[in-house]
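The values are calculated or read from the model by the stated rules, or taken from the named source; none is laboratory data. Bear in mind that the values here come from a model prediction, so they are computed numbers and not experimental data. A quick note on method: Cβ atoms are made from the backbone with ideal geometry, for glycine too, and the neighbour counts reach across all protein chains shown. Side chains are part of the model used for accessible areas, which takes the heavy atoms of the whole protein and leaves out ligands, DNA and RNA. Shrake-Rupley method; radii C 1.70, N 1.55, O 1.52, S 1.80 Å.
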Amino acid sequence: MLQHPATTNSIGELAKSDVILVDGVDLGIQLPTIGGWVTRAKLRGAKLIVIDSRRHRVAELADYFLQNRPGTRALLYGAMAKVIVDRGLVDRQFIKSHCRDYEAFLDVVQAYDLLSAAAICDVPAEAIEAAALAYAQANRAAILYSTGVEARATTASSPS
């Protein structure tokens, strides 16, 4: 376990991000300095996606607030991945250079259904799709996530 909130990018890169996805972390309470960077990036035009079962200050600023049922986050991400794959927005060059077992990942993603996931997660399918498209179409994106993200898979994460 990471045991700490983390990001896929440096703090300085947040300012240059086209899209910032904040997953399960209340930046206003847990990391207010980082919350300031995210807010400034949003004011400069970055799209903000917040995935959380709780509403908080950063969620209020979000372009896409996916307020999911607790325990359904992995299913929500599966549905987002399905949208990205189905729309042909996968960066194949990046995958070829940096990823393993992509074909196995594709097999799993194909089992997800946007409408079913939306119903289980209690998030509108249109919001899931819009957030997935915004993320996939960004030239520069960042993800900020909270502790325990690696242990979130539950029975609700299964696409079937």
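List pairs: first in the range 83-97 and on the phi < 0 side of the Ramachandran plot and touching a residue at least 40 places away in the same chain (Cβ under 8 Å), second of a type in the set (Asp, Glu) and in a helix (DSSP H, G or I), Cβ under 7 Å, 6+ apart or cross-chain?
Hits for this filter: 83/129.
Hey, can you tell me all the residues within the range 117-136 that are touching a residue at least 12 places away in the same chain (Cβ under 8 Å) and out of contact with any Leu (no Cβ under 8 Å at 6 or more places or on another chain)?
Answer for the range 117-136, where residues must be touching a residue at least 12 places away in the same chain (Cβ under 8 Å) and out of contact with any Leu (no Cβ under 8 Å at 6 or more places or on another chain): 118, 122, 130, 132, 134.
Restricting to the range 113-131, what's the tally of residues that are within 11 Å of residue 66 (Cα to Cα), touching a helix residue (DSSP H, G or I) at 6+ places or on another chain (Cβ under 7 Å) and in a helix (DSSP H, G or I)?
Of the residues in the range 113-131, the ones within 11 Å of residue 66 (Cα to Cα) are 118, 121-131.
After this cut, where a residue has to be touching a helix residue (DSSP H, G or I) at 6+ places or on another chain (Cβ under 7 Å) as well, the list is 118, 121, 123-125, 128-129, 131.
Retained after the next criterion (residues that are in a helix (DSSP H, G or I)): 118, 121, 125, 128-129, 131.
Of the residues in the range 113-131, 6 are within 11 Å of residue 66 (Cα to Cα), touching a helix residue (DSSP H, G or I) at 6+ places or on another chain (Cβ under 7 Å) and in a helix (DSSP H, G or I).
Out of contact with any Asp or Glu (no Cβ under 7 Å at 6 or more places or on another chain), closer than 28 Å to residue 114 by Cβ and buried (at least 21 other Cβ atoms within 10 Å of the Cβ): which single residue out of 19, 85 fits that description?
Result of the check over 19, 85: 19.
Test each condition in (1) open to solvent by 70 Å² or more (accessible area, probe 1.4 Å); (2) closer than 25 Å to residue 38 by Cβ; (3) free of Cβ contacts under 8 Å to residues at least 60 places away in the same chain; (4) assigned to a loop (DSSP other than H, G, I, E, B) for residue 139 and report the one that comes out false.
Every listed condition holds for residue 139 apart from (3).
Inspect all residues belonging to the range 122-131 and state whether any of them is modelled with pLDDT under 95, open to solvent by 60 Å² or more (accessible area, probe 1.4 Å) and of a type in the set (Asp, Glu).
no
Can you tell me which residue among 35, 88 is within 14 Å of residue 143 (Cα to Cα) and small (Gly, Ala, Ser)?
Working: 88 fails: within 14 Å of residue 143 (Cα to Cα).
The conditions single out 35.
Matching residues to (1) open to solvent by 90 Å² or more (accessible area, probe 1.4 Å); (2) closer than 26 Å to residue 116 by Cβ:
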{"residue": "9", "(1), (2)": "no, no"}
{"residue": "13", "(1), (2)": "no, no"}
{"residue": "24", "(1), (2)": "no, yes"}
{"residue": "36", "(1), (2)": "no, no"}
{"residue": "68", "(1), (2)": "no, yes"}
{"residue": "92", "(1), (2)": "yes, no"}
